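The values are calculated or read from the model by the stated rules, or taken from the named source; none is laboratory data. Treat the numbers as computed from the prediction; the structure is a model and nothing was measured. Backbone-built Cβ (ideal geometry, glycine too); neighbour counts: all protein chains shown.
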Amino acid sequence: MAADDIFAQLLDRVFAANEKLIAAGVLPAGIDQSRISIEPPRDAAHGEMATNAAMVLAKEAGKKPRELADAIAQQLRADDLIDKVDVAGPGFINLVLKPAAWIDALRTAVRRGAHYGRSDIGKSEPVNVEYVSANPTGPMHVGHCRGAVFGDALASLLDFTGFKVTREYYINDAGAQVDVLARSAFLRYREALGEPIGDIPEGLYPGDYLKPVGAALAAEYGDKLKAQPEADWLPLVRAKAIDMMMAAIRDDLAALNITFDVFFSERSLNTGEIDRVAETIAWLRQRGDVYEGRLPPPKGAPIEDWEDREQTLFRSTAFGDDIDRALKKSDGSYTYFAADIAYHRSKLERGFRTLIDIWGADHGGYIKRMQAAVAALSDRKAVLDVKVVQLVKLLRAGEPVKMSKRAGEFVTLREVVDEVGRDAVRFMMLFRKNDAVLDFDLAKVLEQSRDNPVFYVQYGHARAQSVFRNARAVFPDLPADFTSPRVLSAANPEQLSDPAELSLMRRIALYPRIVEASSIAHEPHRIAFYLYELASEFHALWTLGNASPHLRFIIQDDRQLTEARLVLVQGVATVLASGLKLLGVEAPNEMR
């Protein structure tokens, strides 16, 4: 756990209380305490924290949970950090901390600054996060955008919590779709040479985005390609189109401030000279995980890779899948699944044992077979966590947005970023759990109101900076940095005793716990939710000061109280800036 985590500190206190009970013979020596946890209670009326210690220890201790809870509670009541202890229900122990605990947590947040919430729970374990991986057949659309933002934020979160993260993009540059891309680009090449092409034929990619590819081909080859048979021009046009599409994709990603450590080419798995797919199939066959056989006919809905013939199959049912899976098509070519197995084997060979794949909503049925493959490839030692990002419904003032003229079939990522800005796109793509459909309203994300979460959170940081500016106008000699040890020791946050102030401190103290839990669950949306709650409490305290002047952040005739409140404001600003950075969103000092 993070050293900053007040929940971890309380857990240590529970362990210390149990050690006293072990010494007294109430608990047996060596009792397993690994399942003890400290959590915020679901109902705030029950206290500030709760522990399940008695519930999980009772059986091994040979005692009733309620009886053991009373004994643990008695020990905790003597703790100088704890103000109140209650036993509830069958044996839950609810705790209320002394205000000094939250004040210490505030000081920790301010002192640690940008490092507050950072932890080493990852212990430098290598983690591969593969995301976007869009086919290089056209511009990125809004659906790709959500996966890109989710994957990038998750990678940042894992890095912040001590994992050694590799960001990876898998280029699907093999297969039929890139041949269609080449034929579509060749049509635009003919157009660039002045030939009328009429309507785009069915089956080719429409939209204007391939016109620059056609122009580039015309500039490079003149009309030479027109006289060549398709077998000769296809590889040349395909390579040029893929290179230009990937350049455009990288440019689109840069607009979201997203970069990758690795771009892995599917085509590199089978170059003709090297066939990693065949090697992987042979390796699995040697282990008994690939065989020649027939698949039974599907009982329910048709299965896409079922054929009533003898074929090469992966024994995925041995690793939790519903049916064994085909590795070769009837024409002898590899299935997409076979290539994906070889690709994931390369990840394992690079030393990764934790793999995270971010997939679109239409790939949900593919998860079991891929997890089975990773289990087989790693002797069940590696874990593949597949996160599915659901669809994005693009709206403007509640009405569906029309298709893009440039793309022909969808609204591009770049069009959305150019219209509303990177920060709005990134924050809103994370302000909903990844597996839930997201309504993205282009008008709403530009509103300056509480109903627009990205504005409300960024305004929280800007408002904190305005408090500092206004305070220095009243007290010109205030220190420039409220995070220095000298200033923190001189300020006296113990003066902050209003329930709203203490509540804000508790919210700040929760941040390391939220970061750790978000990292473990691979759910960066929890950070976005938390930041909105923190900003809401901060704005509420500001408003409270308007109605009750004694609660204002700046008290003109009381410098000491002002400095104490500025430490609280600094705590808010610190956490908002940290959380927004994890999400890849700017923390502005001013908003106009």
**OP:** Within the stretch 361-374, identify whether any single residue is of a type in the set (A, V, I, L, M, F, W, C) and under 15 Å from V132 (Cα atoms), and answer yes or no.
**Re:** yes
Original post:
How many residues, within the stretch 452-482, are modelled with pLDDT under 95, assigned to a loop (DSSP other than H, G, I, E, B) and either crowded, with 18+ Cβ neighbours inside 10 Å or within 23 Å of the chain's Cα centre (by Cα) (or both)?
Top reply: 1
Original post:
What number of residues within the stretch 179-207 satisfy the criterion of being surrounded by 21 or more Cβ atoms within 10 Å (Cβ to Cβ) and modelled with pLDDT under 95?
Top reply: 1
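When you go through L154, L158 one by one, which is the residue that is modelled with pLDDT of 95 or more, surrounded by 23 or more Cβ atoms within 10 Å (Cβ to Cβ) and within 25 Å of T412 (Cα to Cα)?
L154
For every residue, the table says whether it meets (1) touching a strand residue (DSSP E or B) at 6+ places or on another chain (Cβ under 6 Å); (2) buried (at least 19 other Cβ atoms within 10 Å of the Cβ).
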{"position": "A397", "(1), (2)": "no, no"}
{"position": "V411", "(1), (2)": "yes, yes"}
{"position": "D423", "(1), (2)": "no, yes"}
{"position": "M429", "(1), (2)": "no, yes"}
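For every residue, the table says whether it meets (1) outside any helix (DSSP H, G or I); (2) polar (S, T, N, Q).
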residue: D12; (1), (2): no, no
residue: A16; (1), (2): no, no
residue: L21; (1), (2): no, no
residue: G25; (1), (2): yes, no
residue: P28; (1), (2): yes, no
residue: Q33; (1), (2): yes, yes
residue: A50; (1), (2): yes, no
residue: A58; (1), (2): no, no
**OP:** Could you grab the pairs with beta carbons closer than 8 Å, sequence gap of 6+ or different chains, first residue in the stretch 325-341 and farther than 17 Å from R267 by Cα, second one polar (S, T, N, Q) and buried (at least 22 other Cβ atoms within 10 Å of the Cβ)?
**Re:** R325/S316
Original post:
Within the stretch 91-102, restricting attention to residues that are surrounded by fewer than 20 Cβ atoms within 10 Å (Cβ to Cβ) and among the hydrophobic types (A, V, I, L, M, F, W, C), which residue is nearest to V572 (Cα to Cα)?
Top reply: A100
Original post:
Within the group A105, A53, A114, A69, which residue is closer than 29 Å to L566 by Cα, in contact (Cβ under 8 Å) with a residue 24 or more places away in the chain and surrounded by 21 or more Cβ atoms within 10 Å (Cβ to Cβ)?
Top reply: A105
**OP:** Can you work out which of the residues in the stretch 512-548 that are part of a helix (DSSP H, G or I) and acidic (D, E) is surrounded by the fewest Cβ atoms within 10 Å (Cβ to Cβ)?
**Re:** E533
Original post:
So which of G214, G272 is among the small types (G, A, S), outside any helix (DSSP H, G or I), farther than 30 Å from G151 by Cβ and free of Cβ contacts under 8 Å to residues at least 60 places away in the same chain?
Top reply: G272
**OP:** May I ask you to list the residues in the stretch 305-334 that are assigned to a strand (DSSP E or B) and of a type in the set (K, R)?
**Re:** R325, K328
**OP:** Looking only at the stretch 23-32, decide whether some residue is touching a Phe, Trp or Tyr at 6+ places or on another chain (Cβ under 9 Å) and without any contact (Cβ under 8 Å) to a residue 40 or more places away in the chain.
**Re:** no
Original post:
Just one of Y169, Y189, Y209 is of a type in the set (F, W, Y) and closer than 30 Å to R526 by Cα; which is it?
Top reply: Y169
Original post:
Of V416, V457, V420, which residue is assigned by TED's automatic domain parsing to the domain that holds L561, β-branched (V, I, T) and touching a residue at least 12 places away in the same chain (Cβ under 8 Å)?
Top reply: V457
**OP:** Determine whether the stretch 91-104 contains at least one residue that is within 26 Å of the chain's Cα centre (by Cα) and closer than 30 Å to M55 by Cα.
**Re:** no
Original post:
Quick one: in the stretch 549-592, which of the residues that are of a type in the set (G, A, S) and not in a helix (DSSP H, G or I) is nearest to R111 (Cα to Cα)?
Top reply: A587
Original post:
Can you find even one residue in the stretch 224-244 that is within 30 Å of Y336 (Cα to Cα) and among the polar types (S, T, N, Q)?
Top reply: no
**OP:** Give the number of residues within the stretch 10-31 that are under 23 Å from E516 (Cα atoms) and either assigned by TED's automatic domain parsing to the domain that holds Y511 or of a type in the set (D, E) (or both).
**Re:** 1
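Only one of D243, D252 is within 31 Å of the chain's Cα centre (by Cα), in contact (Cβ under 8 Å) with a residue 12 or more places away in the chain and surrounded by 13 or more Cβ atoms within 10 Å (Cβ to Cβ); which? Break it down stepwise before answering.
On the way: D243 fails: in contact (Cβ under 8 Å) with a residue 12 or more places away in the chain.
Checking each option against the conditions leaves just D252.
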**OP:** Out of the residues in the stretch 335-356 that are assigned to a helix (DSSP H, G or I) and aromatic (F, W, Y), state the one that is surrounded by the most Cβ atoms within 10 Å (Cβ to Cβ).
**Re:** Y343
Original post:
Would you say L384 is in contact (Cβ under 8 Å) with a residue 60 or more places away in the chain, touching a helix residue (DSSP H, G or I) at 6+ places or on another chain (Cβ under 7 Å) and buried (at least 18 other Cβ atoms within 10 Å of the Cβ)?
Top reply: no
Original post:
In this structure, does A88 turn out to be modelled with pLDDT of 95 or more, within 25 Å of R506 (Cα to Cα) and surrounded by 13 or more Cβ atoms within 10 Å (Cβ to Cβ)?
Top reply: no
